């Protein structure tokens with residue numbers, strides 16, 4: 001029993017002298033903008049994908065470790081009234097898609113199409129190895145807008161069926 | 001003064017002050033200014049023992065004399081400084097040998113398991129290359145073994161990389177079929193550093209001895225944690241790493257069997273130290289540290305194993321009870337309990353690591369590697385790539401406390417639930433969509 005106490009004391013000594021629930025440590029490698037978006041993500045959620053005014057974009061692949069779903073709701077003025085996202089991916093991917101939803105709100109569709117991955121990367125100070133996250137966010141915006149435009153071309157019944165999720169095909173509107 | 005510091009430290013930890021023998025050196029803390037002190041306090045819990053282990057205080061005690069007063073070169077034959085260093089090195093050699101039931105003449109000190117692996121794979125293959133040009137290894141070996149094999153292939157050797165079963169274990173029949181008349185070496189690690197599975201070392205040793213093929217095992221994660229007997233298990237070469245068994249970094253050893261004698265071509269030329277196999281001044285303080293770490297591990301092995309097994313069981317049970325769709329990677333029975341590799345479906349590994357910011361962990365996810373490729377060990381198990389991206393490795397060691405384990409489990413459960421709420425894959429699965437039916441856009 002004394003031996004057990006001695007071991008317990010040695011364990012205390014070699015552990016850092018702090019109690020378990022102190023303040024969290026500094027994440028040295030992430031930029032604070034990324035951490036901010038990650039800890040307080042804006043616009044997480046879902047819109048009704050069968051709504052005729054909602055465009056849904058689903059990009060990426062689980063095998064690559066990055067999947068983003070971005071939805072936009074366009075009001076009668078042609079401006080994006082609401083945007084929601086969900087992401088399976090690293091902190092930078094979550095931050096990129098969160099920032100994307102923030103930026104598209106209030107813009108028209110044409111203005112939203114102008115958002116570039118480089119703008120997202122600069123805002124979040126993404127390192128080179130994480131630049132593909134911002135590219136995927138740009139693709140997600142474009143996919144959502146493309147889905148919305150296609151829905152407008154079809155009739156109301158077809159719009160309901162087009163949830164954007166059957167084939168998540170990569171769209172480029174240039 | 002020292003007693004006051006101890007009492008202050010103990011009262012901060014919330015326990016009654018104790019009488020402490022003054023020999024223990026770790027409690028002396030130099031004066032620091034306030035900002036430094038605060039920074040030091042914000043340290044994460046350490047749950048990454050497979051990467052490296054904290055040094056046992058008793059190891060540091062053993063090393064200190066050789067860093068201050070007894071600084072002689074152990075190869076200096078003409079004065080007392082050299083003689084005392086040499087004596088210390090030989091004592092350490094005996095301790096390392098005792099841990100694996102070897103003879104001290106069979107232990108060669110190196111700079112670490114990477115160097116030991118290089119010596120074993122390249123040294124043996126090159127020595128016997130006149131008549132034998134084939135080497136067998138597995139797909140889940142450590143990078144240094146795989147890279148050494150690749151270097152051998154460039155020199156004209158044939159290398160077979162055996163696949164493993166989905167539980168991470170090697171199928172012995174597959175190994176038997178891979179043997180050729182010109183096979184000189186089989187290299188298979190004892191305990192995998194990523195998933196913790198324990199390979200059937202004794203059986204593999206038996207197969208190799210029958211066919212007179214040398215058997216090398218990278219036992220960096222096994223030495224000091226599992227009982228090893230090089231003669232009973234028919235092991236011809238074994239790699240040992242100092243910093244995986246609570247010893248110092250920068251030192252390791254290689255065991256080279258004498259009966260039957262294994263000949264090795266030296267990689268490093270020089271003054272012929274360490275029986276000509278590894279020239280260079282033996283770093284006395286590091287080697288003494290390794291010896292002390294081995295002796296301590298021999299004493300503590302059984303107790304550590306019991307304690308870590310029960311902690312790991314609590315941890316896994318708690319997580320499995322509170323979170324669905326969690327996979328434990330690697331065989332459930334034949335494993336080292338202190339290495340727990342879990343895949344949390346629909347949640348990406350790096351984002352979970354970011355959430356668990358006050359715990360030091362590692363992941364098999366692509367996003368944590370510089371090459372953006374998910375862990376090759378997990379891929380060799382044949383698990384889905386998205387599960388490879390969702391894996392986290394929890395390491396429990398001698399100094400891991402129950403409180404740390406509970407805290408980690410609770411935070412993990414909390415953040416997995418939060419990240420699943422943010423995950424489109426989880427949403428789709430909840431709606432009943434089969435993820436395999438979706439055509440994903442490639443990037």
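The values are calculated or read from the model by the stated rules, or taken from the named source; none is laboratory data. This is a predicted model, so every value here is computed, not measured. When we count neighbours, we look across all protein chains shown, and the Cβ atoms used for this are built from the backbone with ideal geometry, even at glycine.
Scan segment A:108-135 for residues that are out of contact with any helix residue (DSSP H, G or I) (no Cβ under 7 Å at 6 or more places or on another chain) and within 11 Å of chain B (Cβ to nearest Cβ) and jot them down. First the steps, then the outcome.
Initial filter on segment A:108-135 (out of contact with any helix residue (DSSP H, G or I) (no Cβ under 7 Å at 6 or more places or on another chain)): A:108, A:110-111, A:114, A:118-119, A:122, A:127-129, A:132.
Scanning segment A:108-135 gives A:127, A:128, A:129, A:132.
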- Task: Would you be able to say whether some residue in segment B:329-350 is within 12 Å of another protein chain (Cβ to nearest Cβ), closer than 13 Å to residue B:392 by Cα and assigned to a helix (DSSP H, G or I)?
- Result: yes
- Message: Can you pull out every residue in segment B:51-65 that is more than 14 Å from residue B:294 (Cα to Cα) and outside any helix (DSSP H, G or I)?
- Response: B:51, B:52, B:54
- When you scan segment A:43-57, how many residues do you find that are under 14 Å from the mean Cα position of the chain (by Cα), in a strand (DSSP E or B) and more than 7 Å from chain B (Cβ to nearest Cβ)? 2
- Just one of (1) within 24 Å of the chain's Cα centre (by Cα); (2) farther than 28 Å from residue B:373 by Cβ; (3) part of a helix (DSSP H, G or I) trips up residue B:417, so point out which. (1)
- Restricting the search to segment B:179-197, which residues are within 24 Å of residue B:261 (Cα to Cα) and within 27 Å of the chain's Cα centre (by Cα)? B:184, B:185, B:186, B:187, B:188, B:189, B:190
- Message: Condition check: within 11 Å of chain A (Cβ to nearest Cβ), over 26 Å from residue A:138 (Cα atoms) and surrounded by 16 or more Cβ atoms within 10 Å (Cβ to Cβ). Does residue B:405 satisfy that?
- Response: yes
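I'd like the full set of residues that are touching a residue at least 24 places away in the same chain (Cβ under 8 Å) and either surrounded by fewer than 17 Cβ atoms within 10 Å (Cβ to Cβ) or within 10 Å of chain A (Cβ to nearest Cβ) (or both), limited to segment B:414-426.
Across segment B:414-426, the qualifying residues are B:417, B:418, B:419, B:420, B:423, B:425, B:426.
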- Message: more than 9 Å from chain A (Cβ to nearest Cβ) and touching a helix residue (DSSP H, G or I) at 6+ places or on another chain (Cβ under 8 Å): which single residue out of B:390, B:375 fits that description?
- Response: B:375
- Note on the structure: Exactly one of B:89, B:159 is in a helix (DSSP H, G or I), in contact with a helix residue (DSSP H, G or I) (Cβ under 8 Å, 6 or more places away or on another chain) and crowded, with 16+ Cβ neighbours inside 10 Å, and that residue is B:89
- Taking the condition part of a helix (DSSP H, G or I) and modelled with pLDDT under 85, does residue A:63 pass? yes
- Query: Can you pull out the residues in segment B:109-128 that are assigned to a helix (DSSP H, G or I) and under 17 Å from the mean Cα position of the chain (by Cα)?
  - Reply: B:113, B:114, B:115, B:116, B:117, B:118
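Pick from segment A:10-42 the residues that are out of contact with any helix residue (DSSP H, G or I) (no Cβ under 9 Å at 6 or more places or on another chain) and either under 30 Å from residue A:146 (Cα atoms) or at pLDDT below 60 (or both): which of them is farthest from the other protein chains (Cβ to nearest Cβ)? Before the answer, list the steps.
Taking segment A:10-42 first, the residues out of contact with any helix residue (DSSP H, G or I) (no Cβ under 9 Å at 6 or more places or on another chain) are A:11, A:24-25, A:28-29, A:32.
In the following step, the residues that additionally are either under 30 Å from residue A:146 (Cα atoms) or at pLDDT below 60 (or both) were identified as A:24-25, A:28.
Working: A:24: 4, A:25: 5, A:28: 11 Å.
Once the filter is applied, the top-ranked residue is A:28.
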- Restricting attention to segment B:51-59, does a residue exist that is surrounded by 15 or more Cβ atoms within 10 Å (Cβ to Cβ), out of contact with any strand residue (DSSP E or B) (no Cβ under 7 Å at 6 or more places or on another chain) and over 27 Å from residue B:142 (Cα atoms)? yes
- Task: Identify the residue in segment B:207-230 that is farther than 26 Å from residue B:126 by Cβ and surrounded by fewer than 22 Cβ atoms within 10 Å (Cβ to Cβ) and, among all such residues, is nearest to the chain's Cα centre (by Cα).
- Result: B:226
- Query: Limited to segment A:54-78, what total is found for residues that are touching a helix residue (DSSP H, G or I) at 6+ places or on another chain (Cβ under 9 Å) and free of Cβ contacts under 8 Å to residues at least 24 places away in the same chain?
  - Reply: 4
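What helices (runs of 4 or more DSSP H), lying completely within segment A:66-151, carry at least 3 residues that are buried (at least 24 other Cβ atoms within 10 Å of the Cβ)?
On the way: elements: A:91-104, A:109-113, A:117-124.
Filter on segment A:66-151 gives A:91-104.
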- Which of the residues that make up segment B:427-442 are in a helix (DSSP H, G or I) and within 8 Å of another protein chain (Cβ to nearest Cβ)? B:427, B:428, B:435
- Could you tell me which numbered condition residue B:120 fails, if it satisfies all but one of (1) touching a helix residue (DSSP H, G or I) at 6+ places or on another chain (Cβ under 8 Å); (2) under 18 Å from residue B:220 (Cα atoms); (3) touching a residue at least 40 places away in the same chain (Cβ under 8 Å)? (1)
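Could you look through segment B:357-372, keep only residues that are in a loop (DSSP other than H, G, I, E, B), modelled with pLDDT of 85 or more and touching a strand residue (DSSP E or B) at 6+ places or on another chain (Cβ under 8 Å), and pick out the one that is farthest from the other protein chains (Cβ to nearest Cβ)?
In the first step, residues of segment B:357-372 are kept if they are in a loop (DSSP other than H, G, I, E, B); the result is B:357-358, B:361, B:364-365, B:369-372.
Subset that is modelled with pLDDT of 85 or more: B:357-358, B:361.
Those left that are additionally touching a strand residue (DSSP E or B) at 6+ places or on another chain (Cβ under 8 Å): B:358, B:361.
On the way: B:358: 4, B:361: 12 Å.
Looking at the filtered set, the residue picked out is B:361.
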